[in-house]
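The values are calculated or read from the model by the stated rules, or taken from the named source; none is laboratory data. The shown structure was predicted, so the numbers you read here are calculated from the model rather than taken from an experiment. Here the Cβ positions follow ideal geometry from the backbone for every residue, glycine too, while neighbour counts run over all protein chains shown.
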Ligand SMILES: [Zn+2]
């Protein structure tokens, strides 16, 4: 499976195209679908840098709120 799908948005920090990264969400037992896969926007360039990573998270959170 292609794990480097284009998200279609640009990174708020470096302006590179964001990619979608699958994350597995594990839910508690008893719900019909205890696990599912979400795709979160991701920037390889920013999140590989520990200093930028925090700024990137802040920028993405601010972006979601607007
Ligand atoms: Zn970036």
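What pairs can you find where one residue is in region 8-24 and farther than 14 Å from residue 63 by Cβ, the other is modelled with pLDDT under 90 and not in a strand (DSSP E or B), and their Cβ atoms are less than 9 Å apart, with a gap of 6+ or different chains?
So the pair list comes out as 19/3; 19/4; 20/3; 20/4; 21/3; 21/4; 22/1; 22/3.
Looking at region 14-35, which of its residues are more than 16 Å from the ligand (Cβ to nearest atom) and in contact with a strand residue (DSSP E or B) (Cβ under 6 Å, 6 or more places away or on another chain)?
Result: 22, 23, 24, 25, 26, 35.
Which count do you get for residues in region 37-66 that are surrounded by 11 or more Cβ atoms within 10 Å (Cβ to Cβ) and more than 16 Å from the ligand (Cβ to nearest atom)?
1
Keeping to region 1-29, report how many residues are at positive phi and modelled with pLDDT of 85 or more.
Number satisfying all stated conditions: 1.
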